[in-house]
Amino acid sequence: MAYAALMPANLGLEGSHFQIHRTTTSCLNLDTMSKDFVRGVKTNKLKVNGPVKMPTKVSHIKSALMSPVEEKTGLQDFLHINDFDKGTILKILDRAKEVKALLKSGERTYLPFKGKTLAMIFAKPSMRTRVSFETGFYLLGGHAIFLGPKDIEMGKREETRDVARVLSRYNDIIMARLFAHQDLLDLAKYASVPVINGLTDYNHPCQIMADALTMIEHIGQIEGTKVVYVGDGNNIVHSWLLLAAVIPFHFVCVCPKGFEPDAKTVEKAQQAGVGKIEITHDPKEAVKGADVVYSDVWASMGQKEEAEYRRKVFQGFQVDEELMKIAGPQAYFMHCLPAERGVEVTNGVVEAPNSIVFPQAENRMHAQNAIMLHSLGL
């Protein structure tokens, strides 16, 4: 098949002897294309006797002719919160508030994702991640495709680099909820469209963006607040630490000895010199004066065989009514869900007036919409 079959008829190409050969691409300089097209909209006629810029809708043919690792010109992955500066994070959160207000008003004519598709890779199942991404993308005009654990078996049935390049040719953006963080990094490395981190064993940036949005709504700001996480030093903690490396607030992780977060991530957050970081082991002391007391399950997915052992080790780290009383009347309770009521948190705390776990869950959709808008440059 000649490449010419992929070319739109209205490109307006000028010049003599313009041809696209099956066996050679020497007539096209696909790596040094001029910026005459912006997001698939033609702005000028193109000249063959100079660099040529392909419109976005057909630009993926370029990747067949390039090196395996492709550049994402004008597009951005969302893999770690600290990949962005404070201004960008706050801008995304502001956009989340705006789009949320629009959707809440019943407005359904704002469709920035119209004609776009989102591939959702799930090595780990999740109700909130699937529904929030799929519904959010649909409400803004797009179409989301669910790819469950048995649909791809990335890294087992097919190499990650191949999955990345194939999905990039079908879709405008990819979200992945995986176990190994390296799989996410490899996916982003080889994909030519933005990759959104829906969770890995290392971090969960979309969740913390939703949490930050919820704090802004209920407290008014993130800066200057005190967030106390009680429990295992897991991927949620790592993302809180990376947020504290960008925005100045006081973050405390209080956990049993031996269950601290990754030491290099703690060091990175501390060396950033932005937020105040503490890793402690006394919940009652740590929660004093907290604006937010945060909890998560003690045994995450893939750790269920350790559940009974962890329940013994984590005794004294349950967020109950007494601990919230010590924190003070200003303290909100947050949990990324699903919660094991009666284990890491009591039913009374989840259902208390100062619990904001369900606004927090709702904000997954709004924060993620804003992240995808930013990643796509919309």
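The values are calculated or read from the model by the stated rules, or taken from the named source; none is laboratory data. All of these numbers come straight from a predicted model, not from anything done at the bench. Virtual Cβ from ideal backbone geometry, glycine too; neighbours counted across all protein chains shown. Protein only, heavy atoms only, side chains kept; ligands, DNA and RNA dropped before computing areas. Shrake-Rupley method; radii C 1.70, N 1.55, O 1.52, S 1.80 Å.
Looking at ASP296, ASP282 in this structure, which one is among the acidic types (Asp, Glu) and surrounded by 19 or more Cβ atoms within 10 Å (Cβ to Cβ)?
On the way: ASP282 fails: surrounded by 19 or more Cβ atoms within 10 Å (Cβ to Cβ).
One residue alone meets the criteria, ASP296.
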Residue count, the range 338-356, condition open to solvent by less than 30 Å² (accessible area, probe 1.4 Å) and under 25 Å from the mean Cα position of the chain (by Cα), comes to 2
Of those in the range 104-116 that are surrounded by fewer than 18 Cβ atoms within 10 Å (Cβ to Cβ) and in contact (Cβ under 8 Å) with a residue 12 or more places away in the chain, the residue farthest from GLY155 (Cα to Cα) is ARG108
Inside the range 208-260, can you point out the residues that are among the small types (Gly, Ala, Ser) and either over 13 Å from TYR332 (Cβ atoms) or under 16 Å from the mean Cα position of the chain (by Cα) (or both)?
ALA210, ALA212, GLY224, GLY231, GLY233, SER239, ALA244, ALA245, GLY258
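Checking the conditions here, which among LYS264, LYS276, LYS226 is surrounded by fewer than 21 Cβ atoms within 10 Å (Cβ to Cβ), among the charged types (D, E, K, R) and in contact with a strand residue (DSSP E or B) (Cβ under 6 Å, 6 or more places away or on another chain)? Before the answer, list the steps.
Details: LYS264 fails: in contact with a strand residue (DSSP E or B) (Cβ under 6 Å, 6 or more places away or on another chain); LYS226 fails: surrounded by fewer than 21 Cβ atoms within 10 Å (Cβ to Cβ).
Exactly one of LYS264, LYS276, LYS226 is surrounded by fewer than 21 Cβ atoms within 10 Å (Cβ to Cβ), among the charged types (D, E, K, R) and in contact with a strand residue (DSSP E or B) (Cβ under 6 Å, 6 or more places away or on another chain), namely LYS276.
Return the residue satisfying two criteria in turn: it lies in the range 299-327 and is part of a loop (DSSP other than H, G, I, E, B) and either touching a Phe, Trp or Tyr at 6+ places or on another chain (Cβ under 6 Å) or open to solvent by less than 10 Å² (accessible area, probe 1.4 Å) (or both), and of such residues it is farthest from ASP211 (Cα to Cα).
Here the residue is PHE314.
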Scan of the range 165-183 for residues that are of a type outside the set (Val, Ile, Thr) and not in a helix (DSSP H, G or I), ordered by number:
ASN171, ASP172, MET175, ALA176, ARG177, LEU178, PHE179, ALA180
Going through ASP162, ASP186 one at a time, which residue ends up being open to solvent by less than 50 Å² (accessible area, probe 1.4 Å) and in a helix (DSSP H, G or I)?
ASP186
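When you check PHE137 against the structure, is it in contact with a Phe, Trp or Tyr (Cβ under 8 Å, 6 or more places away or on another chain), surrounded by 15 or more Cβ atoms within 10 Å (Cβ to Cβ) and in a helix (DSSP H, G or I), yes or no? Reasoning before the result, please.
On the way: in contact with a Phe, Trp or Tyr (Cβ under 8 Å, 6 or more places away or on another chain): yes; surrounded by 15 or more Cβ atoms within 10 Å (Cβ to Cβ): yes; in a helix (DSSP H, G or I): yes.
Spelling it out, PHE137 is indeed in contact with a Phe, Trp or Tyr (Cβ under 8 Å, 6 or more places away or on another chain), surrounded by 15 or more Cβ atoms within 10 Å (Cβ to Cβ) and in a helix (DSSP H, G or I).
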Checked the range 221-243 for anything free of Cβ contacts under 8 Å to residues at least 40 places away in the same chain and within 16 Å of PHE314 (Cβ to Cβ); matches are VAL237
Can you find a residue that is open to solvent by less than 50 Å² (accessible area, probe 1.4 Å), farther than 30 Å from ALA331 by Cα and either in a loop (DSSP other than H, G, I, E, B) or modelled with pLDDT of 95 or more (or both) anywhere in the range 196-207?
yes
Quick check on this structure: which one of GLU134, GLU98 is farther than 20 Å from THR214 by Cβ and not β-branched (Val, Ile, Thr)?
GLU134
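What residue, among those in the range 156-177 that are under 12 Å from the mean Cα position of the chain (by Cα) and hydrophobic (A, V, I, L, M, F, W, C), is farthest from LYS124 (Cα to Cα)?
Within the range 156-177, the first condition is being under 12 Å from the mean Cα position of the chain (by Cα), and the residues that meet it are 173-177.
When the remaining residues are screened for being hydrophobic (A, V, I, L, M, F, W, C), the result is 173-176.
Working: ILE173: 19, ILE174: 15, MET175: 12, ALA176: 9 Å.
Ranking the candidates gives ILE173 first.
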Residues (in contact with a helix residue (DSSP H, G or I) (Cβ under 9 Å, 6 or more places away or on another chain) and closer than 23 Å to PHE113 by Cα) located in the range 156-169
VAL163, ALA164, ARG165, LEU167, SER168, ARG169
